[in-house]
Amino acid sequence: MMNPPLSHYLLLSALLFSIGFAGAVARRGAILVLIGIELMLNAANLNFIAFWRFGANPQALTGVMFVLFSIAIAAAEVAVGLALVIAIYRQRKTTRLDAMDSLKG
Amino acid sequence: MLNEISFYLLAALTVACAVAAMALRRLVHCALCAAAAFAGLALIYLQLDAEFVGFAQLLVYVGAIAILIVFAVLLTRGEEAAPGGRQSSPSWISGVGIAVLLLAGLLLPILASPSLQHGAPPAPVPSVKRIGEELMTRYVLPLEMVGVLLTAALLGAVVIALREPSDGNLPGNSPAQQRAKTGEAMNL
């Protein structure tokens with residue numbers, strides 16, 4: 001059983017992070033920005049798991065614990081974020097981020 | 001060998017789904033592609049011998065978050081019907097340029113570092129029992145805090161999303177928006 005080297009996992013993680021970042025800053029819809037943020041969070045989780053698996057002391061389970069808590073935090077974040085999107089949509093009839101400019105002077 | 005092939009297949013699938021999730025025009029397609037990317041990541045966790053995290057990812061991301069996103073897309077539909085609406089923000093070229101720079105800045109150290117090229121040590125086989133013991137002993141305080149946080153997020157999401165439409169009388173509201181609000185209230 002030969003695994004790919006650690007750097008390949010890190011490359012995949014960097015790719016996913018960049019894709020999520022590009023989506024988060026380039027798209028207009030609030031929901032798509034949330035999906036991009038989720039992709040970035042997942043890339044960080046993949047880094048944690050890869051470093052845990054390839055690390056010197058995998059018995060400590062540190063990376064696994066960190067990812068479990070991170071998934072829980074991400075669930076809370078998505079729930080509140082989508083509730084905010086729905087509340088704004090109810091008031092403004094749009095989810096476009098550039099339409100939400102009430103605070104602009 | 002088999003492990004390597006499966007990893008590269010899964011990695012290609014995940015990256016393709018992530019790109020599709022960020023680049024497609026219809027929001028529903030984006031949400032489904034994101035769910036596929038999350039599922040591919042869960043399979044990569046399984047391939048990395050982190051079974052519990054893999055199944056937790058499947059349950060939480062593919063099972064809950066993707067469904068939540070699809071529901072939000074369905075609840076906020078209507079703006080997609082507007083013709084001629086551009087999907088990307090006006091400064092999307094600079095955003096993508098910054099993302100490419102970020103990718104280059106991440107790739108250069110990863111490819112240059114010799115200490116990242118070694119293979120994996122023998123599989124540690126973390127049993128779910130070990131994870132449960134750790135959660136109940138060493139990580140019991142973070143576990144309780146996550147419980148509090150999830151409860152607060154649940155209550156907050158309900159409070160935010162179910163706010164009465166009539167109590168937010170902002171000065172900038174036009175009559176059309178007020179009519180839309182009352183129509184919404186009747187629909188509820």
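None of the figures in this text is laboratory data; all of them are computed from the coordinates on show. Given the structure is predicted, the values throughout are model-derived calculations rather than measurements. Heads up, the Cβs are rebuilt from the backbone with ideal geometry, glycines too, and the neighbour counts pull from every protein chain shown.
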For this session: Could you work out how far apart the two model spin labels at B:Ile93 and B:Val15 are, taking each label as a point 7 Å from the Cα in the direction of the beta carbon, and quote it in nm?
Result: 2.6
For this session: Apply 1/(1 + (r/R0)^6) to the Cβ-Cβ distance of B:Leu2 and A:Ala99, taking R0 = 45 Å, and write down the FRET efficiency to the nearest 0.05.
Result: 0.35
For this session: Taking the Cβ of each residue in B:Ile93, A:Ile49 as the centre, tally the other Cβ atoms inside 10 Å and list the residues starting with the fewest.
Result: B:Ile93, A:Ile49
Exercise. What residues have an amide H closer than 5 Å to that of A:Arg27, excluding those fewer than 5 places away on the same chain, when H is modeled at 1.01 Å from N in the peptide plane?
Worked result: B:Ser89
Exercise. Based on the Cβ-Cβ distance of B:His29 and B:Glu133, what FRET efficiency does E = 1/(1 + (r/R0)^6) give at R0 = 45 Å, to the nearest 0.05?
Worked result: 0.55
For this session: Loop only per DSSP, at most 10 neighbouring Cβ atoms within 10 Å: give me the trypsin sites (Lys or Arg not before Pro) in chain A, ordered by residue number.
Result: A:Lys104
Problem set entry | Distant-in-sequence amide H partners of A:Asn3 (H built 1.01 Å from N, under 5 Å) | B:Ala120
